[in-house]
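To keep things clear, I will list the structure first and then write my remarks on it.
The values are calculated or read from the model by the stated rules, or taken from the named source; none is laboratory data. Since this is a predicted model, take the numbers as computed values, not measurements. Don't worry about glycine lacking a Cβ; one is built from the backbone with ideal geometry, like all the others, and counts go over all protein chains shown.
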Amino acid sequence: MKHLNFFLAMLILVFAACNQSNENKEVLSDTATTNAVHLEEGTQLLARMQADKLIRGKDSVMLTFSVYNPADSVQQFCKWHTPFEPLMSKYLEIKDQKGREPDYKGPMAKRIMPPPADSYVKVAPKETLSTKIDLLLGYDLKTGNTYTVIYAAEGISGLVVRDTVSFSYKK
């Protein structure tokens, strides 16, 4: 029982460590594929993923991940489990058209808690930060499939991305 209580306490710390507030509220926006997480009253970061609809058998399958700060003040998010750091964990849920997940072949790093100060990325007012990740570095994607990608690490980074990205990976 002691181990279960310790495990639950650690799990709560992991999910709370990068969040800036105890309240996450969805905010309506003018773009259906952009969603927000509240960091403090009246401020928010908007996160979004994008990929080409058709990707021909290349040496890379690029996904663009963007974070926009519409507020009038600097905001920040934890870069752990986002493409803003080198691939360190499986933070994307990827499935093919039959619901099968490709094998994850990237690293699975353990983290110290709470995250150190250099784990946070600041986003200036009205600024968008974007980065790209090659999905082939972490996932065994096969040509001839259509894939759907969902961001699944909001508990660590504090970013919520409710949109999905779908693409066909062809020869």
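Numbers below:
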quantity: Number of the condition not met by Leu87 [criteria: (1) within 30 Å of Ser168 (Cβ to Cβ); (2) at pLDDT 95 or above]; calculated: (2)
quantity: Meets criteria (modelled with pLDDT under 90, touching a strand residue (DSSP E or B) at 6+ places or on another chain (Cβ under 9 Å) and among the charged types (D, E, K, R)) for Asp59; calculated: yes
quantity: Ala153, sole failed condition from (1) modelled with pLDDT under 95; (2) surrounded by fewer than 19 Cβ atoms within 10 Å (Cβ to Cβ); (3) of a type outside the set (Lys, Arg); calculated: (2)
quantity: Within the stretch 115-150, tally of residues that are within 19 Å of Asp96 (Cα to Cα) and surrounded by fewer than 14 Cβ atoms within 10 Å (Cβ to Cβ); calculated: 5
quantity: Residue satisfying condition, being at pLDDT 95 or above and part of a loop (DSSP other than H, G, I, E, B), within set Pro115, Pro125; calculated: Pro125
quantity: Hey, Arg48 touching a residue at least 12 places away in the same chain (Cβ under 8 Å) and of a type in the set (Lys, Arg) or not; calculated: yes
quantity: Neighbours by Cβ (under 9 Å, 6+ apart or cross-chain): first from the stretch 114-130, on the phi > 0 side of the Ramachandran plot; second surrounded by 13 or more Cβ atoms within 10 Å (Cβ to Cβ) and among the aliphatic types (A, V, I, L, M); calculated: Lys126/Ala71
quantity: Leading residue by the ranking (modelled with the lowest pLDDT) among those in the stretch 68-84 that are in a loop (DSSP other than H, G, I, E, B), surrounded by 16 or more Cβ atoms within 10 Å (Cβ to Cβ) and hydrophobic (A, V, I, L, M, F, W, C); calculated: Ala71
quantity: Complete set of residues in the stretch 129-171 that are outside any strand (DSSP E or B), hydroxyl-bearing (Ser, Thr, Tyr) and under 11 Å from Gln50 (Cα atoms); calculated: Thr164
quantity: Boolean, Gly106 is surrounded by fewer than 18 Cβ atoms within 10 Å (Cβ to Cβ), more than 11 Å from the chain's Cα centre (by Cα), part of a loop (DSSP other than H, G, I, E, B) and at pLDDT 95 or above; calculated: no
